[in-house]
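Q: Before anything else, here's the structure in question.
The values are calculated or read from the model by the stated rules, or taken from the named source; none is laboratory data. The structure displayed is predicted, hence computed values, not measured ones. Cβ sites come from the backbone with ideal geometry, for glycine too, and all protein chains shown count toward neighbours. Heavy atoms of the whole protein, side chains included, go into the accessibility calculation; ligands, DNA and RNA do not. Shrake-Rupley method; radii C 1.70, N 1.55, O 1.52, S 1.80 Å.
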Amino acid sequence: ESGLPPAGILPRKAFRVGRWTHMDADVTFSADSLSRPDALPLHRLSTHLQLRGGRLALDPLRFDVAGGTLAGSVMLDGRASPVRATANLKARKLQLAQLFPTLDRAMTSIGEFNGNIDLTGQGNTVAAMLGSANGQVSLLIDGGEVSKLMMETVSLHLLEMLQLKVTGDEPVRIHCGIADFSVTQGVMQPEILVLDTDVNRIDGSGRIDLGQERLDLT
């Protein structure tokens with residue numbers, strides 16, 4: 001964990017695994033909603049928690065978030081030092097506007113996206129687990145609209161942008177958006193990264209370093 005940046009957005013609160021071997025537990029839990037200050041609200045949370053011999057499992061785990069659902073399982077093995085973690089989750093019908101509430105609603109109305117998360121990692125914090133993760137992360141945008149002016153300016157050089165005469169805007173239909181990342185030691189590299197619309201197609205390349213929390217995308 002010493003290689004992590006001193007501050008970042010990924011959680012750095014350590015799991016207190018020393019207590020996990022002192023008891024076993026088998027708990028079925030459900031809640032209509034969870035209020036979390038300064039965080040996305042969660043609804044209809046349900047899970048089966050089992051703690052045996054220092055190994056914690058949330059299987060199945062399901063909750064509603066951002067207008068969609070996130071479901072699957074999370075396993076934390078506290079017998080290992082650092083903790084070994086496995087997450088297998090499926091995101092279905094998440095709304096981009098709700099996931100990123102500060103997004104300018106006038107610029108995009110991307111409807112929903114689905115995704116699969118299949119990761120393993122190790123560390124005593126979520127940040128360390130993701131910083132060492134291996135696996136696959138896939139996202140698929142299905143339909144929606146985006147600002148024509150925004151899509152056109154993405155393709156223009158600075159000089160052309162300065163010369164652009166704004167004569168109004170209109171929505172452009174999104175055919176599809178696909179992001180398929182392979183993850184190796186916390187570094188996400190896209191096997192395919194594309195957003196295809198009626199106006200143009202944007203292809204991406206580069207990397208996302210979860211350990212350093214840095215983006216290097218073209």
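Q: From Leu130, Leu61, Leu139, which residue is in a strand (DSSP E or B) and at pLDDT 95 or above?
A: The unique qualifying residue is Leu61.
Yes or no, residue by residue, for (1) acidic (Asp, Glu); (2) more than 26 Å from Gly186 (Cα to Cα); (3) open to solvent by less than 80 Å² (accessible area, probe 1.4 Å); (4) touching a Pro at 6+ places or on another chain (Cβ under 6 Å):
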{"residue": "Gly8", "(1), (2), (3), (4)": "no, no, yes, no"}
{"residue": "Lys13", "(1), (2), (3), (4)": "no, no, no, no"}
{"residue": "Val17", "(1), (2), (3), (4)": "no, no, yes, no"}
{"residue": "Ser30", "(1), (2), (3), (4)": "no, yes, no, no"}
{"residue": "Ser46", "(1), (2), (3), (4)": "no, yes, yes, no"}
{"residue": "Gly53", "(1), (2), (3), (4)": "no, yes, yes, no"}
{"residue": "Ala71", "(1), (2), (3), (4)": "no, no, yes, no"}
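Q: Now for a separate question. Given the criterion within 26 Å of Ala57 (Cβ to Cβ), at pLDDT 90 or above and more than 21 Å from the chain's Cα centre (by Cα), identify the matching residue among Ala80, Ala87. Don't jump to the end; show me each part of the working.
A: Working: Ala87 fails: more than 21 Å from the chain's Cα centre (by Cα).
Selected residue: Ala80, the only one of Ala80, Ala87 that is within 26 Å of Ala57 (Cβ to Cβ), at pLDDT 90 or above and more than 21 Å from the chain's Cα centre (by Cα).
Q: Wholly within region 169-218, which strands (runs of 3 or more DSSP E) include no fewer than the required count, namely at least 1 residues that are of a type in the set (Lys, Arg)?
A: 171-184, 201-203, 206-209, 214-217
Q: Something else about it: Which members of region 73-89 meet the condition of being outside any strand (DSSP E or B), in contact with a Ser or Thr (Cβ under 9 Å, 6 or more places away or on another chain) and open to solvent by 20 Å² or more (accessible area, probe 1.4 Å)?
A: Across region 73-89, the qualifying residues are Arg79, Pro82.
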